[in-house]
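Below: one structure, written as structure tokens.
The values are calculated or read from the model by the stated rules, or taken from the named source; none is laboratory data. Just so it is clear, the structure is predicted and the values come from calculations on it, not from any experiment. Don't worry about glycine lacking a Cβ; one is built from the backbone with ideal geometry, like all the others, and counts go over all protein chains shown. What goes into the accessible areas is simple: the full protein's heavy atoms, side chains included, and nothing from ligands, DNA or RNA. Shrake-Rupley method; radii C 1.70, N 1.55, O 1.52, S 1.80 Å.
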Amino acid sequence: MPPTRLPPSQTIHMPTLFSPLQIGPLELPNRIWMAPLTRCRAEAGHVPGPLMAEHYGQRASAGLIVAEATMAMEGNSAFWHEPGIHNQAQIDGWRLTTDAVHRAGGRIVLQIWHGGRACHPLLNGGRQPVAPSAIAICGEDVHTPEGKQPFVVPRQLTDAELPTIVEGFRQAARNAMAAGFDGVEVHGANGYLLDQFLRDGTNRRSGPYGGPLEHRARLLLDVLAAVAAETPLMGLRLSPLNSYNDIADSDPIGLITWLAQRLNDLPLAYLHLMRGDFLGRQHGDVLSPARQQFRGVLVANAGYSAEEADAAIASGAVDAVAFGTAFLANPDLPQRVRLGAPLTPADPATFYTAGAAGYTDYPCLPAI
Ligand code: PHB
């Protein structure tokens with residue numbers, strides 16, 4: 001028997017970094033996403049300004065931009081000069097960015113967060129941070145107006161306060177849509193509040209929000225249900241292996257396996273997974289169980305080269321890859337990948353400094 005040949009219309013093409021991808025109502029022209037990057041460039045009052053609009057507008061060729069972690073509720077700042085989305089001035093400020101990105105033909109969602117115990121009183125008018133349990137981050141420092149400081153012991157949130165946090169995320173999602181974003185990414189990663197609830201190293205509660213994973217995930221799932229009602233495009237970022245912010249879980253693979261399955265019950269357009277640990281302590285494969293369980297779009301992040309990302313997409317392991325440092329230093333990253341052009345290295349000295357240097361002055365390739 002000769003081998004069966006598929007007619008041309010049925011030929012199976014493996015996707016590449018440049019295959020279009022549908023997420024929610026958006027068709028993305030490529031699968032090279034810009035990862036959320038804290039850059040501490042907001043103006044006074046956590047208001048995004050024209051410089052931020054220029055920065056994101058320069059990167060509009062990304063399949064999707066995930067704008068940096070942004071304070072959902074007042075008084076929970078984890079980074080000096082981080083942006084917020086809880087008042088009208090911030091909504092108006094973000095409008096500059098969404099207009100700049102859309103004018104340049106791009107797409108952008110906003111990552112909304114609550115820092116939990118990573119919020120320092122010196123960044124929040126003296127307010128003590130809150131967390132699932134009264135356990136401080138040890139072994140790391142936070143950059144404050146008074147220099148580097150150790151983290152403080154947070155106040156344990158009561159069960160009765162948690163619906164207020166859910167409402168804060170809901171309002172932030174509504175505000176993000178009012179600012180012109182195409183959608184919202186909920187930050188459930190990297191040791192901030194929702195991750196602090198998820199992982200058993202930081203959540204020592206009993207009751208409806210503590211103990212078994214089903215309870216530890218309750219706050220996150222409630223937040224997702226609330227946010228989903230406000231936006232046509234909701235994503236979620238998770239990092240079950242990351243130990244950054246002094247966080248750990250006794251069973252990260254069990255966590256992602258259970259949660260990825262459970263996320264199918266929600267209108268979640270994509271799951272954005274940090275595959276590793278910023279600090280290199282914890283190892284394991286979180287992408288495979290997520291792929292097996294979650295039926296939506298899976299986006300991977302952390303340390304991919306373009307070649308590795310393309311292979312991961314072609315093999316079907318993931319649908320897209322988010323690039324952080326490479327996008328920071330190469331505003332035209334998709335074009336460079338397409339041409340095989342060299343990448344400009346990033347300058348870590350300007351990651352968190354003020355102004356245009358290392359922010360809006362990275363070069364694009366000369367026009368051909
Ligand atoms: C950081 O800038 O260190 C940072 C910010 C947000 C994250 C992770 C790391 O989710």
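Each residue in the stretch 287-343 was checked for being open to solvent by 40 Å² or more (accessible area, probe 1.4 Å) and β-branched (Val, Ile, Thr), and 1 of them qualify. The numbered conditions (1) farther than 20 Å from Met34 by Cβ; (2) more than 16 Å from the ligand (Cβ to nearest atom) are all true for Gly280 except (2). Within the stretch 2-27, the set of residues being at pLDDT below 95 and not in a loop (DSSP other than H, G, I, E, B) comprises Pro8, Ser9, Gln10.
Among all residues of the stretch 206-216, there is none that is under 30 Å from Ile65 (Cβ atoms) and either under 16 Å from the mean Cα position of the chain (by Cα) or aromatic (Phe, Trp, Tyr) (or both). Of everything in the stretch 63-77 that is closer than 21 Å to Pro232 by Cα and more than 16 Å from the ligand (Cβ to nearest atom), the residue that is surrounded by the most Cβ atoms within 10 Å (Cβ to Cβ) is Leu64. Within the stretch 249-274, being open to solvent by 10 Å² or more (accessible area, probe 1.4 Å) and within 16 Å of the ligand (Cβ to nearest atom) holds for no residue.
Selection of the stretch 167-211 for residues being charged (D, E, K, R) and either closer than 19 Å to Leu157 by Cα or within 15 Å of the ligand (Cβ to nearest atom) (or both) yields Glu167, Arg170, Glu185, Asp195, Arg199, Asp200, Arg204, Arg205. Selection of helices (runs of 4 or more DSSP H) fully inside the stretch 299-345 by the criterion of at least 3 residues being farther than 23 Å from His13 by Cβ and modelled with pLDDT of 95 or more returns 325-329. For beta carbons closer than 8 Å, sequence separation of 6+ or different chains, a first residue in the stretch 269-297 that is at positive phi and a second that is among the β-branched types (Val, Ile, Thr) and more than 15 Å from the ligand (Cβ to nearest atom), the qualifying pairs are Gly284/Ile253. Within this structure, Val152 fails the test of being farther than 14 Å from Asn203 by Cβ, touching a residue at least 60 places away in the same chain (Cβ under 8 Å) and not hydroxyl-bearing (Ser, Thr, Tyr).
Against the list (1) open to solvent by less than 10 Å² (accessible area, probe 1.4 Å); (2) more than 15 Å from the chain's Cα centre (by Cα), the condition Trp80 fails is (1).
Just give me the residues in the stretch 219-248 being open to solvent by 30 Å² or more (accessible area, probe 1.4 Å) and over 16 Å from Gly116 (Cα atoms), in sequence order. Within the stretch 219-248, Asp222, Ala225, Ala229, Glu230, Pro232 qualify.
Looking only at the stretch 199-233, residues that are touching a strand residue (DSSP E or B) at 6+ places or on another chain (Cβ under 8 Å) and more than 27 Å from Pro25 (Cβ to Cβ) come to 2 in all.
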